[in-house]
Amino acid sequence: MTDSPSQVPQHLSVRELLEDSALGLKMRLVAGGAGLDRKIQHVRIQKSGLALVGHLHGVVPTRIQIMGGTELSYIEGLRPAEQASAVAALLSVGLSCVLVTRGAEPSPSLVAAAQRTDTPLLVCAERSSLAINRLHALLDERLAPRTRIHGVLVDVFEVGVLLLGKSGIGKSECALELVMRGHRLVADDAIECDFRPPGMVFGQPAALLRHHIEVRGLGILNIKDLFGVTAIRERKRLDLVVELEQGEREYDRLGLEDETRDILGVAVRKVTLPVRPGRNMSSIIEIAARNELLRQAGHHPARDLVHRLERSLDVNGPPSYAPASSSAPNYEPGRPPSSQFRAPVLNESSAPPPVTPRKTS
């Protein structure tokens, strides 16, 4: 299995757009019904204002073209011959479709050009801003880059952990142990991944494998039936990749080096864990998820420790204690400045607890 994006671009036909109940727009076809199978391949719409004055540079045919009140009022202000010329130039580039908002009736020249070029001309009752927002939401879902990954996806402490490794290394067994510890299974074996802006990858199970997991020796298990609805999750963002492997190579002992795995153009942090007899992998994966939460909050324990060690070993750096000023009561001009330090300031963790005086009767 590969975790690179598919080379075949995602697309949605105009016919599918009209029939999609999730869009939530009251759209109707006015002209150009012969072109309903034209493909929409871009997740963002395009306004056609400049194109109507002859500036066609930047017009993307696979984007939905929106005509609102501004564009329609401009067309209506032209003479009939100018109207025909403007809309003919726009529709000559083979647009996927043109959507007129606010329920306005398109001009006869626009209807005639759409019919002549087989360009679907749609009208919706909603205003432009609402139509654009709903189109973007639908296209983000339908045209999102997708790929399928062979692995196991588990929700551990609200961290989406993707378990990868060779077949038979124990990914499903780790996932089953994590479910028994109270975590949630998202997908086993085949994970359908899709990209969402601004830079996130979400995973969900293949439709036929939802809620199921394969454990060698036991066969196919239904996690929802065994543990209830609280043990499964339908969809989760990928936050951490855990690569399980068997080998004797050198592994990162400090955790200073950050590895990532590219999934649909997103760099997801990755850790590599060696699998050895007697090693409790589910507990280690739990700790990896907790550590990821710390890192997302801005804490990096390994780097913090190394930074403290470097400061304590740096002979040219500042001393551990701050030198006393010349106005201090215990300052002695005859002594070297390097030997005059203030006593360390006690903080909450290092200060001794206050002594409560004993009550006497």
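Scanning segment 135-185 for residues that are in a helix (DSSP H, G or I) and hydroxyl-bearing (S, T, Y) yields one hit, S172.
If only residues of segment 267-298 that are β-branched (V, I, T) and surrounded by 18 or more Cβ atoms within 10 Å (Cβ to Cβ) are counted, the one that is farthest from G247 (Cα to Cα) is V268.
Is it true that R142 is more than 30 Å from A104 (Cβ to Cβ), touching an Asp or Glu at 6+ places or on another chain (Cβ under 9 Å) and not aliphatic (A, V, I, L, M)? Against the criterion (more than 30 Å from A104 (Cβ to Cβ), touching an Asp or Glu at 6+ places or on another chain (Cβ under 9 Å) and not aliphatic (A, V, I, L, M)), R142 does not qualify.
Check segment 141-155 and report whether any residue there is touching a helix residue (DSSP H, G or I) at 6+ places or on another chain (Cβ under 6 Å) and modelled with pLDDT of 95 or more. Yes: segment 141-155 contains one or more residues that are touching a helix residue (DSSP H, G or I) at 6+ places or on another chain (Cβ under 6 Å) and modelled with pLDDT of 95 or more. Within segment 42-55, if we keep just the residues that are farther than 17 Å from Q83 by Cβ and aliphatic (A, V, I, L, M), the residue that is modelled with the highest pLDDT turns out to be I45. For segment 126-138, filtered to residues that are closer than 23 Å to L90 by Cα and of a type in the set (A, V, I, L, M, F, W, C), the residue that is surrounded by the fewest Cβ atoms within 10 Å (Cβ to Cβ) is I132.
One line per residue, one yes/no per condition, for (1) part of a helix (DSSP H, G or I); (2) in contact (Cβ under 8 Å) with a residue 12 or more places away in the chain; (3) more than 18 Å from R148 (Cα to Cα):
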| position | (1), (2), (3) |
| --- | --- |
| I213 | no, yes, no |
| L244 | no, yes, yes |
| E257 | no, no, yes |
| I287 | yes, no, yes |
| A302 | yes, yes, yes |
| R308 | yes, no, yes |
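The values are calculated or read from the model by the stated rules, or taken from the named source; none is laboratory data. Here the structure is a predicted model, which is why all the values come from computation and not from measurement. So basically every Cβ, Gly included, is an ideal-geometry build from the backbone, and we count neighbours across all protein chains shown.
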